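The values are calculated or read from the model by the stated rules, or taken from the named source; none is laboratory data. Predicted model, so just to flag it, every value in this text is computed and none were measured. FYI the Cβ positions are ideal-geometry reconstructions off the backbone, even for glycines, and counts take in every protein chain you see. Note: accessible area is taken over every heavy atom of the protein model, side chains too, but ligands, DNA and RNA are not part of it. Shrake-Rupley method; radii C 1.70, N 1.55, O 1.52, S 1.80 Å.
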Amino acid sequence: MNSMYIKTVSILLISLIIAGIVIMANENPMDENRAAAPEFPAGAEWINTERPLTMRELRGRVVLLDFWTYCCINCMHVLPDLARLEEKFGDRLVVVGVHSAKFSGERDTGNIREAVKRYNIRHPVINDAGLTLWNQLGVRAWPTLVIIDPRGELVGKVSGEGNYDILDRAIADLLEGAPSSGEGLSALPIAPEADRQPETLLRYPGKLLADPERDRLYIADSGHNRLVVADLADGDVLYVVGSGEAGLQDGDFREASFSNPQGMALDGDQLYVADTDNHALRVVDLQARTVRTVAGTGQQASWGAKGGPANRTSLNSPWDVVILESKVYIAMAGPHQIWRYDPGNGEVEVFAGSGREDITDGPLKSAALAQPSGIATDGHAIYFADSETSSIRKAADGQVTTLIGKGLFIFGNQDGTFRTALLQHPLGVAWENGRLWVADTYNNRLRRINLTESTIVTVAGADEDGFVDGRAEDARFDEPGGVTLARDKVYIADTNNHAVRIYDPVTETVTTYNLVELVRLSPEADTFVVRVLPPEGYHINTDAPSSIEASVLGDERMLEHTQSIQAEELRASFPLRENREGAVYDFRGDLYLCREGEQGVCTIREFSFRRKLKYDPEVSFETNVEYRVSEPEVEPAVMKH
């Protein structure tokens, strides 16, 4: 054996033990014949790659296997650390996500693919649906990270979150003496699914809040890192809160930024927002049209945090909020607790939950919760969806009690009494006149709880996911995550369908909320101009036949128009049809795009969007519709070294 290798692994063994990485059983880093990593299961489905990978082709790099399941908040917390490691070590490190499902709904590759896109995971992911690798490597918890050295041999593993420094040191030590970037490493066909997302007005909406008094619907457009505010009745988008760029910035509606915002609660003109990935509580002032941070530092709180001054206290993945007696109650998914923010004194504190992940009833501070992700109130009690125990629970009169739910690994789909009923990872709950409406997320169902009778029934949806309107029993959802009520209707955030759905209890039907962006025009206008802009970093090829066409919804005739093509925009002028007030226009076309600095036609980008034109007497300028296309679907990214 090479003496340098012996010295390196000797130092590594000591550093791993000090760091807390468990050396794989019966494997001595000093042993030339220590165990090789098992091959990936044959026939398993892959995401973010053009073809299945093999352990053999990964040799020469350090491989980090991330055993995760997409419901798990701790697994979500690990993802930023993995991205940092990938950026630091480049193609000398390969992270492979080994998805090992907890819930039956998570075994489906299509569902995992949506989670990969939702979390913007860009490394290869294998669906270990049969737990083959999980069992071969003795994994017992999510997340667990297994380290494989450049020779393809197992080194060690570490479980839980917060292990960036440990992994950083271990990977750096393992790469001592290994090929550097560009020294014969084989190309890997990485093709991130996140680069192939369709253009949609909403992207993975998480939560909703209806405001009947203002005739508003507030939508957490989580995948776009913003809030969309729409007319409750007709779906017109009135304005957007947030730039759309992920970040933690206060300011006016255009400059403020969020990161995966979720639940909302309204107190007068103050809209509280659980800004999940920023680990912060934000307030949107609807009158001043500003956003400010009232709790959280932008850093994830460590386990065991107790609270304190809100502006100096870190939070941990707040997922939903509700207001009771002028205080904001926060479903804090990360530490398995409910916290409380008092605007009067500017303090945050733990309200319920010991921090231990389980389903244990009792006094507020000693009860065990499990990733609370939805919260509601009847004006006295707090009700919450405790997602990891597939339960609906109640906090009132100093006690936490469970209505429906039996344990961390007991789940299913069963209507009936509280004693026999089963849910599967519910994320949303709303109260209405002695009833609770539940977004039963992994069962793809909307369900209703009768608190007086202690029963639950399914009102819409089925096991099969889909996007189908109609009779409630025929309707299909895809992992609905939020629910709110207004004017005797139930509004559902249909997360993976990038849509809002409406259930009408009177007709027992489901329809899709007709969300559409508005363009205001002068009553004197007889034409309007459309400007289609290229993505950032691209320009339009002026020698190629980019084009746009338009029609009025309900009328398939194409509108006559004139157009011009410039590098920075495709510009077209369209006539306004008679009876144009409130008309909805569908636009579609093609852009021929080149990256900045490159010559010739690089790629074609199809686009389509919809706008509703509406009179506004205050508008006197030329009416413009502006639309920027997203980046084109690119060829698979390849590590070429």
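When you scan the stretch 249-279, how many residues do you find that are touching a residue at least 12 places away in the same chain (Cβ under 8 Å) and in a loop (DSSP other than H, G, I, E, B)?
Result for the stretch 249-279: 9.
Out of the residues in the stretch 498-529 that are assigned to a strand (DSSP E or B) and hydroxyl-bearing (S, T, Y), state the one that is surrounded by the most Cβ atoms within 10 Å (Cβ to Cβ).
Among those that are assigned to a strand (DSSP E or B) and hydroxyl-bearing (S, T, Y), it is Y503.
Hey, among E598, E560, E556, which residue is over 21 Å from L518 (Cβ atoms) and at pLDDT 85 or above?
Checking each option against the conditions leaves just E560.
Could you list, in sequence order, the residues of the stretch 340-364 that are part of a strand (DSSP E or B), in contact with a Leu (Cβ under 7 Å, 6 or more places away or on another chain) and either open to solvent by less than 10 Å² (accessible area, probe 1.4 Å) or aliphatic (A, V, I, L, M) (or both)?
If the condition is that a residue be part of a strand (DSSP E or B), in contact with a Leu (Cβ under 7 Å, 6 or more places away or on another chain) and either open to solvent by less than 10 Å² (accessible area, probe 1.4 Å) or aliphatic (A, V, I, L, M) (or both), then A352 is the only one that fits.
Scanning the stretch 291-305 for residues that are β-branched (V, I, T) and closer than 16 Å to M264 by Cβ, which turns out surrounded by the most Cβ atoms within 10 Å (Cβ to Cβ)?
Result: V291.
If you check A421, A385, A367, which single one turns out to be in contact with a Leu (Cβ under 8 Å, 6 or more places away or on another chain) and on the phi < 0 side of the Ramachandran plot?
Just one listed residue meets the conditions, A385.
Report whether or not S547 is closer than 30 Å to F477 by Cα, at pLDDT 90 or above and either of a type in the set (S, T, N, Q) or in contact with a Pro (Cβ under 9 Å, 6 or more places away or on another chain) (or both).
So S547 does not fit the description; no.
Out of curiosity, is W68 touching a helix residue (DSSP H, G or I) at 6+ places or on another chain (Cβ under 8 Å), open to solvent by 30 Å² or more (accessible area, probe 1.4 Å) and either farther than 22 Å from A194 by Cβ or not basic (K, R) (or both)?
Judged against the criteria, W68 is not a match.
If we keep just the residues of the stretch 85-142 that are closer than 24 Å to I166 by Cα and hydroxyl-bearing (S, T, Y), which is most open to solvent (accessible area, probe 1.4 Å)?
In this case the residue turns out to be Y119.
Taking the stretch 549-567 only, how many residues are farther than 27 Å from H539 by Cβ and part of a strand (DSSP E or B)?
So the count comes out to 3.
Please state which of the following conditions D465 fails to meet, knowing it meets all the rest: (1) in a loop (DSSP other than H, G, I, E, B); (2) surrounded by fewer than 15 Cβ atoms within 10 Å (Cβ to Cβ).
So the condition that D465 fails would be (2).
Somewhere in the stretch 409-430, is a residue more than 21 Å from C72 (Cα to Cα) and under 22 Å from the mean Cα position of the chain (by Cα)?
Yes; the residues of the stretch 409-430 include at least one that is more than 21 Å from C72 (Cα to Cα) and under 22 Å from the mean Cα position of the chain (by Cα).
Given the structure, is G355 on the phi < 0 side of the Ramachandran plot and of a type outside the set (A, V, I, L, M)?
Spelling it out, it is not the case that G355 is on the phi < 0 side of the Ramachandran plot and of a type outside the set (A, V, I, L, M).
Please specify each residue of the stretch 445-460 satisfying the condition of being open to solvent by 10 Å² or more (accessible area, probe 1.4 Å) and within 24 Å of K102 (Cβ to Cβ).
Selection gives R445, T458.
Hey, does the stretch 306-321 have a residue that's of a type outside the set (D, E, K, R), more than 25 Å from R356 (Cβ to Cβ) and buried (at least 24 other Cβ atoms within 10 Å of the Cβ)?
No, the conditions are met nowhere in the stretch 306-321.
Here is a list: T458, T452. Which entry is in contact (Cβ under 8 Å) with a residue 12 or more places away in the chain, assigned to a loop (DSSP other than H, G, I, E, B) and more than 23 Å from the chain's Cα centre (by Cα)?
T452
Could you tell me how many of the residues in the stretch 413-444 are surrounded by 14 or more Cβ atoms within 10 Å (Cβ to Cβ) and assigned to a loop (DSSP other than H, G, I, E, B)?
10
Which one is modelled with the highest pLDDT among residues in the stretch 143-154 that are open to solvent by less than 30 Å² (accessible area, probe 1.4 Å) and part of a loop (DSSP other than H, G, I, E, B)?
Step by step, filter the stretch 143-154, then rank; the result is P143.
Which one is most open to solvent (accessible area, probe 1.4 Å) among residues in the stretch 195-248 that are among the acidic types (D, E) and not in a loop (DSSP other than H, G, I, E, B)?
If we take residues in the stretch 195-248 being among the acidic types (D, E) and not in a loop (DSSP other than H, G, I, E, B), then D195 is most open to solvent (accessible area, probe 1.4 Å).
Quick one: V94 ticks every box in (1) over 22 Å from the mean Cα position of the chain (by Cα); (2) assigned to a loop (DSSP other than H, G, I, E, B) bar one, so which box is it?
Here V94 meets the rest and fails (2).
Which numbered condition trips up L58, out of (1) open to solvent by 10 Å² or more (accessible area, probe 1.4 Å); (2) more than 15 Å from the chain's Cα centre (by Cα)?
It fails just one condition, (1).
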